[in-house]
Amino acid sequence: MFERILVALDGSPNAQKALERAAVVAKGTGTRVLGLVHVRPSLYTMAYAYGYPAAAGAPGWSLAEQLAESMRQAAERSRELLDEAEAYVRAQGLTDVQVVKHAEEGPVVKAIIDTVRRGGYDLLVLGSRGMGRAAGLLLGSVTQSVTANLPCSVLIVDMDDDEAKAKEKEG
């Protein structure tokens with residue numbers, strides 16, 4: 001039914017739950033390819049986050065050095081997250097499934113949608129933020145934006161409140 005599944009990861013408990021659900025779906029539907037995508041901030045986003053005046057005055061670090069170090073750390077965390085997710089998939093017995101890791105950079109919504117299109121995925125699995133509709137409408141959300149523009153089926157995985165609280169205490 002779903003030959004190519006993509007899971008969006010961000011290190012959150014909801015994303016982990018999405019990975020767990022994707023593994024179950026992959027086992028039950030004869031999935032051939034399980035993609036894992038993590039989107040890290042772009043250089044532009046990092047520069048904006050630091051703010052040039054604040055970063056320029058940091059003792060011992062130039063703005064370029066701060067940005068380079070932040071980009072290096074973000075890329076390393078992305079690799080770790082994708083490697084951990086692949087290990088989880090393999091531990092679930094999905095040894096015949098091809099795992100494709102996508103370490104992307106840039107605007108999250110665009111990167112996820114572009115990855116779905118490039119990879120020919122027919123299902124995207126991602127976690128919800130766990131907010132109610134009103135909060136999501138006021139604040140915007142990656143999940144809402146992605147699903148509004150997605151060229152494939154989507155499975156949004158939500159945690160109940162008790163499960164979310166338990167995961168937060170573990171982490």
Worksheet, complete the sentence: Here the gain from full extension of residue 76 to residue 155, 0.36 nm per residue of separation minus their alpha-carbon distance, amounts to 25.7 nm
Item to complete: Rounded to whole Hz and in sequence order, give me ³J(HN,Hα) for segment 146-159 from the Karplus expression 6.51 cos²θ - 1.76 cosθ + 1.60, θ = phi - 60°, writing x for Gly and Pro.
Response: 5, 5, 5, 10, 7, x, 8, 5, 9, 10, 9, 9, 10, 9
Worksheet item: Between residue 103 and residue 141, 0.36 nm times their residue separation minus their Cα-Cα distance comes to what?
Response: 11.6 nm
Worksheet item: In a shell of Cβ-Cβ distance under 14 Å around residue 75, excluding residue 75 itself, what net charge do Lys and Arg (+1) and Asp and Glu (-1) give?
Response: -1
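Place the peptides 31-40, 76-85, 10-19 in order of packing, highest mean first, counting for every residue the other Cβ atoms within 10 Å and averaging per peptide.
Details: 31-40: 22.7, 76-85: 16.1, 10-19: 19.5.
Order by mean packing, descending: 31-40, 10-19, 76-85.
We did not get these values from a lab; they are worked out from the coordinates using the rules stated. Owing to the predicted nature of the structure, the values given are computational and were not obtained by experimental measurement. Positions of Cβ are generated from backbone atoms using ideal geometry, with glycine treated the same way; all protein chains shown enter the neighbour counts.
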